[in-house]
Amino acid sequence: MSLRETTLAVIAKVSKADAAAIRPDMDLVADLGFDSAKALELLVELEDALGIEVSDEQAARLNSVGDILAIVETLEPPTQPPRG
Amino acid sequence: MTADTASLPTSLREALRRAALDFPHRGIAIFDSRGRSCERQSYAELYRLATESAARFAGLGIGRDEPVLVALPTSWEWMEAWFGLLMRGAWPVASSGAGAMAAAEAQFDKVDKVMAAIGARHVVASESFRAQAGEQGFGFAHEGVITIERLRGALPARTGSAAGVSDAGDVAFLQLTSGSTGLPRAVMITHQGAIHNPVASDEAIGAPLGEPMHRLAECMVSWLPLYHDMGLIGCLMLPMLCGLDSWLLRPEAFLARPRLWLEQLGSHGTSFAPAPNFGYQLCLERIPADKREGLDLGAWRAAFTGAEMVRPETTSAFCAAFEPHGFRPESLRPCYGLAEGTLAVTFDVKGSGVRTLPAPAGTDAGFAMTDVVSNGVPIRDTSLRMTAPDGSVLPDGAIGEVCIKGPGVFRGYYRDPEATAATLKNGWFSTGDLGFLAAGELYLTGRTKDLLIVHGHNIMPDDIERLADSVTGGGGLMRSAAFSVARGAAGEQAVVVVETAEADPARFAEIGREIRIRIGRTMGLPLADLVFVRRGRIPRTTSGKMQRGELRQRYLDGTLERLHDAPMHEPTGHGAAKEPNR
């Protein structure tokens, strides 16, 4: 799976939405019903699936599916893979 | 007070000094933001740190009885700031850090408004908080922010008598809680309340086990935010006063990996911990059967559930799920409390599991409860009574407003004599919660106040409505009203009703989405439902005051006429949010 596909699959799993229905312009809260607990669940699932680490500052700016797709592409996996 | 409390410290400053001397091996362990590693320090070290930082706060010109905000995450920097201010004789005011998804700008705005309302000159915050607030043009960012670096670089001044004697009835700190004007209210907590309440709680917690909890337990494990009364009083003051270890996770670490909390509860000897219903529900949902392996909850002797309505469906499912992993169902114990009572008001002291009665007529339909939960009996020296709207005291079994009196009751809302006078009379505080007494135990059935409690956090409808109105044009074309309805184990969720003259259904989707985005980004709050109605359909009194309770009743009855097919623009992924219970 490509990075994009994996990311969309994780978003679909956490939001319990159909992966095919997820579009980049979707807002996490307005369109996918996220609250802060769901947002944090999504972050750790993405970090585990992709071997990346998202900083608190970066996380605070993630509002839409497109924001997430953009940020995972800029992040290199850390030298030390995250636990869990 | 009984003889037992005669030897209690008379101030929190004295309490910290005693903890340092009497419990040299006990202390506080704080995990990093991801809950991976932790840094532990003894109470002796905390005392040293706080004394030093008190002198530096004095050097920065912070005076006695001066409110200073602390907007830091759960960390040793938080301890250095909060306890430093306490030792200085100033009033620390713990304020929320930026929540995930809640815009930083909304947090700066809140800090700015709180500082103005309580006359605070300073907020202790991180360098990135200062820099960002400065970029966004907030005035307090210039001289008002004390970063930890600035604090540590300050020349210490002699604090003189600052760390000395204070009257037990003096204000120790301010606790922020939601207020109706769109601004948090600052609850004045006294030294007496902040000492008596945890000590009385310790007794009540240990009651079914035969002795005060501190004789049985090693530690408290908490993920609750320190700006919340349950986190600050229950999980920091109580262990410090009773000589127990405190293991503190950040809320974000728990929300990201709820299992961390349960792992820690089983790792440091006999433990106890509180959480709102939502915390137990999150463990159930996010730690499915195949992820429970290796958990050992045998050491968790008291699991408190409070700060929001206790849902019997959650507690029984939690017991069933975790009993095979050592959890004792009898250790799950409901409690009731609120910031204006310092924290605890009642505890279940029977310790025979969650006990319920069938919900009586008059139970709020919006809470969707078939059974109501016993929250137990008042803690020591504390009285409880139910009153009718005319103020008369009701007999057992009758539903009325819960009123409390005792050493934990707050001194008043700081700089808000009107709100104080409206709720605090002759030592009795009218809580705004509705319930009844049966065999001396408190059962909650609803609320008189228009308040939403989502995941243990109190939210005033005005805050939601202001954001919705900012999209719709407020007093112009549209006007909104917000309330909550409970959806089974998911607990309370927010619903917004918008009055509109708009006739084009295509516009509803557009405006609705904008409202959801605005509320989501500012408050981190998803809406379970958003309803458009004709103008004039939100009921009002003759004087024009919105009647949210009546509106909510119509919504629940299904008699509210929607201008669109229900539900409007349901978020794809919000499984729990479906049709209201009818």
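Any read-out appearing in this document is the output of simple, stated calculations on the displayed coordinates, not a laboratory observation. Note that the structure is a prediction, hence the values are computed from the model and not measured. So basically every Cβ, Gly included, is an ideal-geometry build from the backbone, and we count neighbours across all protein chains shown.
Principal axes first, then extents: for the Cα atoms of region B:460-557, list largest minus smallest coordinate on each axis, whole Å, largest first.
Rounded to whole Å, the extents work out to 36, 31, 23 Å.
Ranked by Cβ crowding within 10 angstrom, fewest neighbours first, how are B:Cys283, B:Cys335 ordered?
Details: B:Cys283 22, B:Cys335 27.
By the 10 Å Cβ count, ascending: B:Cys283, B:Cys335.
For the protein assembly as shown, what does the helix formula give at 222 nm: sum of -39500 (n - 2.57) over DSSP H segments with n ≥ 4, over the residue count, nearest 500 deg cm²/dmol?
Working: 22 runs with 225 residues, N = 666.
Result for the protein assembly as shown, helices only: -10000 deg cm²/dmol.
Compare the Cα positions of A:Met1, B:Leu452, A:Gly66 along the charge dipole of the protein assembly as shown (+1 at Cβ of Lys, Arg; -1 at Cβ of Asp, Glu; about the Cα centre) and return the one farthest towards the positive end.
So the residue furthest toward the plus end is B:Leu452.
Which FRET efficiency value, to the nearest 0.05, is calculated for B:Arg534 and A:Leu3 with the Förster distance at 41 angstrom and r the Cβ-Cβ distance?
Once the sixth-power term is evaluated, E becomes 0.25.
Under a point spin-label approximation (7 Å from Cα along Cα-to-Cβ), what is the B:Arg385-B:Arg158 distance to one decimal in nm?
With each label placed 7 Å out from Cα toward Cβ, I get 5.2 nm.
Could you state the angle between the C-alpha long axis of helix A:36-50 and the longest principal axis of the C-alpha atoms of chain A, as a value from 0 to 90 degrees rounded to the nearest 10?
50 degrees
Considering Cα pairs under 8 angstrom that are at least six residues apart, work out the relative contact order of region A:3-74 and quote it in whole percent.
Details: 61 pairs, mean separation 29.2, N = 72.
After rounding, I find 41 percent.
Take B:Arg311, B:Arg257, B:Arg411, B:Arg215 and order them by how many other Cβ atoms sit within 10 Å, fewest up front.
On the way: B:Arg311 25, B:Arg257 22, B:Arg411 18, B:Arg215 12.
Exposure proxy ranking, most exposed first: B:Arg215, B:Arg411, B:Arg257, B:Arg311.
For a footprinting-style exposure proxy, rank B:Ser470, B:Ser96, B:Ser7 by other Cβ within 10 Å, fewest first.
Fewest to most other Cβ atoms nearby, the residues stand as B:Ser7, B:Ser470, B:Ser96.
Quick one: which residues, 5+ away or cross-chain, put their amide H under 5 Å from the amide H of B:Arg447? H built at 1.01 Å from N.
B:Leu434
Using amide H atoms built 1.01 Å from N in the peptide plane, name the residues 5+ places from B:Ala398, or on other chains, whose amide H lies under 5 Å from its own.
Residues meeting the amide H criterion: B:Leu437.
Kirkwood Rh and Cα-based Rg: tell me the resulting Rg over Rh for region B:211-333, rounded to two decimals.
0.93
May I ask for the Kirkwood hydrodynamic radius of region A:3-74, worked out over all distinct Cα pairs and given in angstroms to one decimal?
11.9 Å
Determine ³J(HN,Hα), in whole Hz, for all residues of region B:236-247 in sequence, where each value follows from phi through the Karplus function 6.51 cos²θ - 1.76 cosθ + 1.60 and θ = phi - 60°; x replaces Gly and Pro.
Per-residue couplings from phi come out as 10, 5, 4, x, 5, 6, 9, x, 10, 6, 10, 10 Hz.
In region B:477-498, whose amide N lies under 19 Å from the spot 7 Å out along Cα-to-Cβ of B:Arg507? List them in ranges.
It comes to B:477-481, B:497-498, nothing else.
If one computes the Cα centroid of region B:402-472 and of region B:490-526, what distance in Å separates the two points?
26 Å
Using a basic spin-label model with each label point 7 Å from the Cα along Cα→Cβ, how many nm lie between B:Glu211 and B:Glu105?
5.8 nm
Over region B:1-66, what is the mean sequence separation of C-alpha contacts under 8 Å (at least six apart), divided by residue count, expressed as relative contact order in percent?
Reported as a whole number, the value is 25 percent.
Sequence gap at least 6, Cα distance under 8 Å: using those rules, report the relative contact order of chain B to the nearest whole percent.
11 percent
Could you tell me the ratio Rg/Rh of chain B? Both radii from Cα atoms, Rh via Kirkwood. Write down the numbers at each step before the final one.
Details: Rg = 23.5 Å, Rh = 24.6 Å.
Reported Rg/Rh, Kirkwood definition of Rh: 0.95.
For B:Leu525, list long-range residues whose amide hydrogen, built 1.01 Å from N in the peptide plane, is under 5 Å from its own amide hydrogen.
Residues meeting the criterion, in which the H sits 1.01 Å from N, are B:Gly520.
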